[in-house]
Amino acid sequence: MPELPEVEVLVRHLRPLLQNKTIRNVQVNRARVLTPTSPGQLRKALGGATFSGLSRRGKYLLFKLRNQANLETRLLIGHLGMTGRMYLAPSRHLLPKHAAVVLNLGAQNFIFEDTRYFGRFTLDQTAVTKLGPEPLSTDFSLQLFQRALKRSQQPIKAKLLDQSLVAGIGNIYASEALFRAGIWPRTKANRLRPEQVRRLWRAIREVLASAIKFGSTVPLSYARSGRGDGLFYFGKSDDAPGFYEERLQVYDRARLPCMVCGHKVRRIRQAGRSTFYCPKCQSRQKSGV
DNA sequence: CACCATGTTCCTTG
DNA sequence: CCAAGGAACATGGT
């Protein structure tokens, strides 16, 4: 469920709630999400530790923990996969069906729930070290982006999902950024003209920043599905018709009119995943192919 | 039964 | 060795 903006909003939400809370108990219901850490290793590292910081890198959550006894600092890595959620709930509440890991903090539990168990809750940092620059920081320079794209013959849509190119873009914002930049998704990365690369570079940051801004306005309750659960990127919701209108321009809008020109939005398949685009606003011709 | 799903990693192929 | 594509992971919705 998460791409960079959703994770950023979640991190901002959780940071003050976890700060200085001490872990009394560690319950692992699905060892797979810890891989390659073992349940024993996790219990040993987290038991009795205190949350001292929370940040984000790409789609990963970085929990800083202080060990009370020896003042050592540990890093816990979280990733929501496709369907993960993290939230606090009263300890007396029943645990959800797919609670993968539960950290008891006293009166509250910190719950990592994940129906498909694609997420991660681990001490292993290797995935994070392989990430490319943060798109919203100055590390993500136009020059770096240009040089990386020059070396790839992949369709630009697929390339945007490469987390070593730039961290945090997923299937939704890849389509959105290309729409905003007016680029045909099948254009080979190394065939993009310089001005297209620059437009895409800008569009990536605009699309992500505006999603964070939007997400920050949504009243959150991560424990329940629906409007307030932080899954604000989906343009549908029963309990709030119109709430998400005009947030996403093309994603999940196959056969619906383009919000800019009215042409039918098209869905295609690239590297096994759906891409949405407007054939008129993002024509092959315009993309110079 | 069919196909779809916000992600990453591993395996195969070229 | 590298790059690119597809399958696998696991569960649920339509």
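Just so it is clear, none of the values below were taken in a lab; they were calculated from the coordinates. What you are looking at is a predicted structure, and each value in this text was computed from that prediction instead of being measured. All Cβ positions, glycine included, derive from the backbone under ideal geometry; neighbour counts span all protein chains shown.
Before moving on, here are some points about what is shown:
- The Kirkwood radius of chain A, taken over pairs of alpha-carbon atoms, gives through the Stokes-Einstein law at 20 °C and 1.002 mPa s a diffusion coefficient of 106 µm² s⁻¹.
- Gain on full extension, evaluated as 0.36 nm per residue between residue A:280 and residue A:22 minus their Cα-Cα distance, stands at 87.4 nm.
- Compared with the rule-of-thumb size 2.2 N^0.38 Å for a compact globular protein, region A:20-92 has a Cα radius of gyration ratio of 1.12.
- Mean-position separation - Cα centroids, region A:16-60 and region A:189-212, in angstrom: 35
- Where labels lie 7 Å past Cα in the beta-carbon direction, separation of residue A:193 and residue A:137 in nm: 3.4
- Entries in A:159/A:280; A:44/A:157; A:64/A:157; A:21/A:159; A:59/A:188; A:159/A:213 that, when Cα-Cα distance is taken, lie over 31 Å: A:44/A:157; A:64/A:157; A:21/A:159
- Net charge dipole size for region A:56-193 [Lys, Arg +1 and Asp, Glu -1 on Cβ; Debye, nearest 20]: 580
- Using the Karplus relation 6.51 cos²θ - 1.76 cosθ + 1.60 with θ = phi - 60°, the per-residue 3J(HN,Hα) values for region A:201-212 come to 4, 5, 4, 4, 6, 5, 5, 5, 5, 6, 5, 5 Hz, with x marking Gly and Pro.
- Translational diffusion of region A:137-214, µm² s⁻¹ [Kirkwood Rh, Cα pairs; Stokes-Einstein; 25 °C; 0.890 mPa s]: 200
- Among A:126, A:115, A:275, residue whose mean-square fluctuation peaks in a GNM of chain A (springs only between Cα atoms under 10 Å): A:126
- Anisotropy class of region A:1-132 from Cα gyration tensor, a/c 1.5 cut: rounded
- Most mobile of A:71, A:144, A:61 in a GNM of chain A (Cα contacts under 10 Å): A:71
- P(r) tail fraction, region A:105-144 - alpha-carbon pairs more than 13 Å apart, %: 72
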